[in-house]
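Chemist: Next up is a structure, given as structure tokens.
The values are calculated or read from the model by the stated rules, or taken from the named source; none is laboratory data. No experiment lies behind these values; they were computed from the predicted model shown. Cβ coordinates were reconstructed from backbone atoms using ideal geometry, including for glycine residues, and neighbour counts include every protein chain displayed. With ligands, DNA and RNA removed, areas are computed over all heavy atoms of the protein, side chains included. Shrake-Rupley method; radii C 1.70, N 1.55, O 1.52, S 1.80 Å.
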Amino acid sequence: MNDGRRHAGPDHHPGPSEADAVSGVLRVAVPVPLRRVFDYLPPAEGPEGQPGVRVRVTFRGRRRTGVILATGAAPEVDSSRLRRAEAVLEEEPLWPTPLFQLLLWAAEYYHHPVGEVLAVALPGTLARGGLPPSPPRLWRLTPEGAEVDPAELARAPRQRALLQALARDPLSEAELRTVAPELQRPLKRLAERGWIASQAGSRVAVSDHEPEAGPPLNPDQEAAVAAIREAEGFQPFLVEGVTGSGKTEVYLEAIQPVLDQGDQVLVLVPEIALTPQLLARFRRRLAPRLAVLHSALAEGERLAGWEAARRGEAQVVIGTRSAVFTPLARPGLVVVDEEHDPSFKQQEGLRYQGRDLAVARARREGIPVVLGSATPSLESLVNVEAGRYRRLRLPRRTGSAGLPEVGLIDLRGKAAEGGLSPPLLQELRETVERGEQALLFLNRRGYAPVLLCPACGWTQQCPHCDRPLTYHQRRWMLLCHLCGHNRAVPPQCPESGCGNPDLQTAGLGVEQVERTLERHLPEVRRVRVDRDTTRRKGALEAKLEEIAAGRAQVVIGTQMVVKGHHFPEVTLVGVLDPDSGLYSPDFRARERLFQQILQVAGRAGRAERPGRVRVQTHHPDHSLFGPLRAHDYPSFAAEELSERRAAGLPPYAPLALVRAEAAEADEARAFLDRAREQGEGLGTAGVRLLGPAPAPVERQQGLYRAQLLITAERRSPLHRALAGLAPRLEAIPDEGVRWSLDVDPGDLF
Ligand code: ADP
Ligand code: ZN
Ligand code: ZN
């Protein structure tokens with residue numbers, strides 16, 4: 001290796017010796033998949049650099065942007081063999097010290113290359129060595145514009161569309177173009193009327209309004225808010241409150257004094273919960289300078305929000321998991337809503353758990369952190385048990401509506417043709433007749449997961465994955481939900497010699513439920529909410545609006561409808577097909593299922609009217625249903641925890657997974673056999689290696705996948721073993737094999 005010099009392991013300790021300070025080198029984290037740092041001579045001119053600033057270097061003939069971890073380090077080889085760094089890119093570190101320390105810690109904890117960790121934590125432009133571009137101009141409503149009734153603009157549809165889009169958020173022209181492609185004229189017209197104005201600016205939305213007052217808190221909420229307000233320094237809280245118990249009110253009341261004090265608040269929410277409704281609520285109630293961060297933002301805007309947070313200009317930073325890496329000048333509080341949500345776990349690259357990093361970050365910042373959920377993760381419950389987190393309970397719903405009544409519909413011996421059983425259809429009919437709304441939850445897109453030929457048994461498998469293609473009737477195609485491969489629906493069985501024109505479907509998807517409903521209750525107004533029907537920007541909002549305005553009577557949805565939305569007129573919730581979660585090999589499947597059903601049940605009966613939940617199942621005697629019917633998450637969790645303990649699974653026994661994938665099954669397997677040998681060679685006491693075994697979906701996107709499970713009774717031996725193993729994995733010749741290390745995997749898939 002000509003560039004730089006290798007170091008053993010990521011957890012290298014700087015320790016520059018004073019004598020060498022003058023001739024010292026820069027120790028640089030380079031974004032390459034190697035768990036090492038590299039030494040460079042300081043650049044010939046420009047700033048000398050310090051830990052936490054970017055530096056441009058050449059690495060194996062390519063220009064890279066690294067981050068300095070230490071300066072003045074003693075070179076461990078003849079410094080004449082070292083290259084010179086090209087340039088140090090800034091004077092001051094990009095990250096405040098606690099966040100920088102957290103990132104270095106995360107590299108160790110996840111046994112991930114530190115250069116890649118630091119690159120992940122930066123907006124793309126900065127990670128690539130770019131300078132902050134000028135942020136886009138954002139248009140927003142003026143106070144006069146906010147008063148305008150869009151109906152007045154019935155004859156100017158483009159102006160009306162723009163005005164409506166801006167009612168929710170300041171938007172860039174690029175974003176507005178998706179609302180009205182020809183936008184220069186209407187935009188100019190609106191500006192002339194004084195209804196909109198543009199500002200060169202960050203994605204920090206400034207509110208002109210006084211914050212709205214919230215409802216008077218109930219005693220449970222008050223106790224929770226008081227506990228959080230009184231916290232000094234690092235203190236994790238778990239707000240365990242049933243759906244509709246007013247958790248969000250608790251966050252808002254806990255946030256306000258932090259803002260009053262001039263400090264900043266970081267709020268993490270699950271991916272699909274980052275809705276316009278939620279943002280509007282924060283804006284109304286706190287009127288903060290708000291920065292919104294998520295991965296779907298245009299890069300310039302993400303960078304602008306990031307910088308506004310770093311400068312202390314944004315008071316509330318709200319975002320999905322990656323927002324945990326946002327630098328804050330004056331952090332005062334961290335909130336993680338729906339902390340049990342699987343989307344906090346990153347599934348590729350640096351496989352971090354955003355919630356866990358949020359807690360680790362609060363510890364380093366010395367501030368309180370509030371995790372909230374109706375159905376906390378078993379991990380957090382164990383942390384409460386162990387006294388590490390303080391639990392704050394909100395056992396009652398606000399308002400008069402009690403928790404919805406949960407009943408089962410036994411599908412055994414009944415024909416639930418097209419996904420809806422006769423008793424459920426009957427209740428749907430009655431609900432609609434009373435002028436109320438119903439919500440049907442089925443977490444499967446398309447019409448049916450399988451298209452088959454009853455004559456010869458043919459099914460259409462994905463050519464790249466071990467999965468059948470899902471039949472989408474509307475789009476008239478067969479689609480792989482794993483890799484996106486698609487093809488037209490064959491008019492007849494394509495098997496040679498068969499040609500049967502009567503192909504059938506098996507299994508259930510939301511499209512089919514929509515058809516069934518159309519057949520049985522044709523006069524009912526339906527709306528389907530899934531990824532297929534909400535692809536267009538603004539489509540989801542339009543559908544939610546349709547529901548809120550009562551124009552839709554029955555909502556059919558995937559997990560997109562489970563979170564974040566309030567449907568106050570929904571009084572009946574149907575859970576159509578929970579059975580696959582009951583007996584799944586995934587050790588978290590039952591926890592997820594219970595959480596999901598309670599979440600979706602929580603959509604029902606939020607206003608004055610009580611709600612009902614109907615769960616269709618072939619397994620009404622399953623032990624999960626007793627606690628579910630009683631809304632008794634704690635006793636479900638207790639049972640699940642005792643099973644996890646007996647089985648040696650998280651949260652009691654920590655896990656790590658080495659995954660490998662290759663074009664040939666043998667190659668992936670051979671890599672993991674070597675990995676296992678290496679792991680055994682370490683001889684770390686108390687660590688067990690299980691496998692290699694094929695992954696549950698063995699072939700995906702044309703690659704064979706296998707995995708090796710590493711577990712221990714406690715964390716420290718596991719991490720010792722991983723620290724020894726990771727560099728050895730790098731040394732295994734892995735021609736054609738892609739491998740990764742997943743610490744605390746979300747599932748074993
Ligand atoms: P959660 O986050 O637990 O689902 P929210 O904070 O969204 O609950 O509250 C549910 C609904 O109840 C919201 O419409 C909210 O405005 C209202 N609410 C919350 N707290 C109170 C209260 N103390 N009094 C009256 N209404 C409340
Ligand atoms: Zn056939
Ligand atoms: Zn596929």
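Chemist: Quick one: in region 469-501, of everything that is open to solvent by 40 Å² or more (accessible area, probe 1.4 Å) and part of a strand (DSSP E or B), which residue is nearest to ligand 1 (Cβ to nearest atom)?
Modeler: Asn486
Let's see how each residue does on (1) part of a helix (DSSP H, G or I); (2) at pLDDT 95 or above; (3) surrounded by fewer than 20 Cβ atoms within 10 Å (Cβ to Cβ):
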{"residue": "Gln616", "(1), (2), (3)": "no, yes, no"}
{"residue": "His619", "(1), (2), (3)": "no, yes, yes"}
{"residue": "Ser623", "(1), (2), (3)": "no, no, yes"}
{"residue": "Phe636", "(1), (2), (3)": "yes, yes, no"}
{"residue": "Leu649", "(1), (2), (3)": "no, no, yes"}
{"residue": "Ala656", "(1), (2), (3)": "no, yes, no"}
{"residue": "Asp673", "(1), (2), (3)": "yes, yes, yes"}
{"residue": "Arg676", "(1), (2), (3)": "yes, yes, yes"}
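Chemist: Something else about it: From the list Gln353, Gln346, pick out the single residue that is closer than 23 Å to Val743 by Cβ, open to solvent by 10 Å² or more (accessible area, probe 1.4 Å), in contact with a Lys or Arg (Cβ under 8 Å, 6 or more places away or on another chain) and without any contact (Cβ under 8 Å) to a residue 40 or more places away in the chain.
Modeler: Gln346
Chemist: Now, a different point. Among the residues of region 544-591, which ones are of a type in the set (S, T, N, Q), over 18 Å from Thr534 (Cα atoms) and part of a helix (DSSP H, G or I)?
Modeler: Ser580
Chemist: Exactly one of these conditions fails for Val242: (1) under 17 Å from Arg321 (Cβ atoms); (2) near ligand 1 (Cβ under 10 Å from one of its atoms). Give me its number.
Modeler: Going through the list (1) under 17 Å from Arg321 (Cβ atoms); (2) near ligand 1 (Cβ under 10 Å from one of its atoms), Val242 breaks only (1).
Let's see how each residue does on (1) open to solvent by 30 Å² or more (accessible area, probe 1.4 Å); (2) within 22 Å of Leu482 (Cβ to Cβ):
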position	(1), (2)
Arg705	yes, yes
Thr711	no, no
Gly724	no, no
Leu729	no, no
Asp734	yes, no
Val737	no, yes
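Chemist: Report yes if Glu495 is farther than 23 Å from Ala589 by Cβ, at pLDDT 95 or above and not aromatic (Phe, Trp, Tyr), otherwise no.
Modeler: Considered against the rule, which asks whether it is farther than 23 Å from Ala589 by Cβ, at pLDDT 95 or above and not aromatic (Phe, Trp, Tyr), Glu495 comes out as no.
Chemist: Same structure again: So which helices (runs of 4 or more DSSP H) stay within region 47-159 end to end and still have 1 or more residues that are open to solvent by 60 Å² or more (accessible area, probe 1.4 Å), touching a Gly at 6+ places or on another chain (Cβ under 8 Å) and aliphatic (A, V, I, L, M)?
Modeler: Those helices (runs of 4 or more DSSP H) span 114-120.
Okay, residues lined up against (1) at pLDDT below 95; (2) on the phi > 0 side of the Ramachandran plot:
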| residue | (1), (2) |
| --- | --- |
| Gly418 | yes, yes |
| Gln426 | no, no |
| Arg429 | no, no |
| Gly435 | yes, yes |
| Asn443 | yes, no |
| Pro449 | yes, no |
| Arg467 | yes, no |
| Met477 | yes, no |
| His481 | yes, no |
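Chemist: Looking at Leu425, Leu403 in this structure, which one is out of contact with any strand residue (DSSP E or B) (no Cβ under 8 Å at 6 or more places or on another chain) and over 27 Å from Arg551 (Cβ atoms)?
Modeler: Step by step, each of Leu425, Leu403 is checked, and only Leu403 is out of contact with any strand residue (DSSP E or B) (no Cβ under 8 Å at 6 or more places or on another chain) and over 27 Å from Arg551 (Cβ atoms).
Chemist: Just one of the numbered conditions (1) of a type outside the set (A, V, I, L, M); (2) within 16 Å of ligand 2 (Cβ to nearest atom); (3) closer than 30 Å to His340 by Cα is not true of Gln492; which one?
Modeler: Here Gln492 clears every test but (3).
Chemist: Then there's this: Using the structure shown, decide if Cys465 is farther than 20 Å from Glu511 by Cα, away from ligand 2 (no atom under 16 Å from the Cβ) and open to solvent by 40 Å² or more (accessible area, probe 1.4 Å).
Modeler: Against the criterion (farther than 20 Å from Glu511 by Cα, away from ligand 2 (no atom under 16 Å from the Cβ) and open to solvent by 40 Å² or more (accessible area, probe 1.4 Å)), Cys465 does not qualify.
Chemist: Kindly indicate whether Leu452 is within 16 Å of ligand 2 (Cβ to nearest atom) and without any contact (Cβ under 8 Å) to a residue 24 or more places away in the chain.
Modeler: no
Chemist: When region 230-265 is examined, which residues are found to be closer than 22 Å to Pro98 by Cβ, out of contact with any helix residue (DSSP H, G or I) (no Cβ under 7 Å at 6 or more places or on another chain) and among the aliphatic types (A, V, I, L, M)?
Modeler: Ala231, Val258, listed by residue number.
Chemist: Something else: Only one residue in Leu102, Leu94 is farther than 14 Å from Ala29 by Cβ and among the aliphatic types (A, V, I, L, M), so which one is that?
Modeler: Leu102
Chemist: Please determine whether any residue of region 302-312 is crowded, with 19+ Cβ neighbours inside 10 Å, in contact with a Gly (Cβ under 7 Å, 6 or more places away or on another chain), under 27 Å from Gln559 (Cβ atoms) and outside the structural domain of Trp95 (by TED's automatic domain parsing).
Modeler: no
Chemist: Going by the structure shown, is Gln512 crowded, with 21+ Cβ neighbours inside 10 Å, more than 16 Å from Tyr447 (Cα to Cα) and away from ligand 3 (no atom under 16 Å from the Cβ)? Show your work before the answer.
Modeler: Numbers: crowded, with 21+ Cβ neighbours inside 10 Å: yes; more than 16 Å from Tyr447 (Cα to Cα): no; away from ligand 3 (no atom under 16 Å from the Cβ): yes.
So Gln512 fails the test.
Chemist: Condition check: hydroxyl-bearing (Ser, Thr, Tyr) and assigned by TED's automatic domain parsing to the domain that holds Ser642. Does Ser421 satisfy that?
Modeler: yes
Chemist: Give me a count of the residues in region 678-703 that are part of a loop (DSSP other than H, G, I, E, B), open to solvent by less than 60 Å² (accessible area, probe 1.4 Å) and closer than 30 Å to Pro468 by Cβ.
Modeler: The qualifying residues number 1.
Chemist: Would a scan of region 448-460 turn up a residue that is within 13 Å of ligand 3 (Cβ to nearest atom), under 28 Å from Glu661 (Cα atoms) and open to solvent by 70 Å² or more (accessible area, probe 1.4 Å)?
Modeler: Looking for residues that are within 13 Å of ligand 3 (Cβ to nearest atom), under 28 Å from Glu661 (Cα atoms) and open to solvent by 70 Å² or more (accessible area, probe 1.4 Å), one finds none in region 448-460, hence no.
Chemist: Find all pairs meeting these conditions: Cβ atoms under 7 angstrom apart; at least six residues apart or on different chains; first residue within region 680-691 and touching a residue at least 12 places away in the same chain (Cβ under 8 Å) and more than 15 Å from Leu655 (Cα to Cα); second residue among the acidic types (Asp, Glu) and open to solvent by less than 70 Å² (accessible area, probe 1.4 Å).
Modeler: Going by the 7 Å Cβ cut-off, there are no qualifying pairs.
Chemist: Could you check, for region 268-279, whether at least one of its residues is part of a strand (DSSP E or B) and either in the same structural domain as Arg363 (by TED's automatic domain parsing) or within 16 Å of ligand 3 (Cβ to nearest atom) (or both)?
Modeler: Here is the first cut: in region 268-279, the ones part of a strand (DSSP E or B) are 268.
Right, trim to either in the same structural domain as Arg363 (by TED's automatic domain parsing) or within 16 Å of ligand 3 (Cβ to nearest atom) (or both) and you get 268.
Within region 268-279, one or more residues are part of a strand (DSSP E or B) and either in the same structural domain as Arg363 (by TED's automatic domain parsing) or within 16 Å of ligand 3 (Cβ to nearest atom) (or both).
Chemist: Identify all residues within region 376-397 that are at negative phi, assigned to a loop (DSSP other than H, G, I, E, B) and either surrounded by fewer than 17 Cβ atoms within 10 Å (Cβ to Cβ) or within 16 Å of ligand 3 (Cβ to nearest atom) (or both); write none if there are none.
Modeler: Just the residues of region 376-397 that are at negative phi, to begin with: 376-386, 388-397.
From the residues that got through so far, the ones that are assigned to a loop (DSSP other than H, G, I, E, B) too are 376-377, 386, 388-389, 395-397.
Within region 376-397, Ala386, Arg388, Pro395 qualify.
Chemist: Turning to a different aspect of this structure: Within region 428-445, restricting attention to residues that are open to solvent by less than 70 Å² (accessible area, probe 1.4 Å) and closer than 24 Å to Gln595 by Cβ, which residue is farthest from ligand 2 (Cβ to nearest atom)?
Modeler: This residue is Gln437.
Chemist: Residue under question is Asp577, and the condition is that it be out of contact with any Asp or Glu (no Cβ under 9 Å at 6 or more places or on another chain), assigned by TED's automatic domain parsing to the domain that holds Gly407 and of a type outside the set (Ser, Thr, Tyr); does it hold? Outline the logic, then answer.
Modeler: Working: out of contact with any Asp or Glu (no Cβ under 9 Å at 6 or more places or on another chain): yes; assigned by TED's automatic domain parsing to the domain that holds Gly407: yes; of a type outside the set (Ser, Thr, Tyr): yes.
The answer is yes for Asp577.
Chemist: Looking at Leu517, is it more than 16 Å from ligand 2 (Cβ to nearest atom), of a type outside the set (Phe, Trp, Tyr) and in contact with a strand residue (DSSP E or B) (Cβ under 8 Å, 6 or more places away or on another chain)?
Modeler: yes
Chemist: Keeping to region 274-290, report how many residues are open to solvent by 30 Å² or more (accessible area, probe 1.4 Å) and not aliphatic (A, V, I, L, M).
Modeler: The number of residues fulfilling the criteria is 6.
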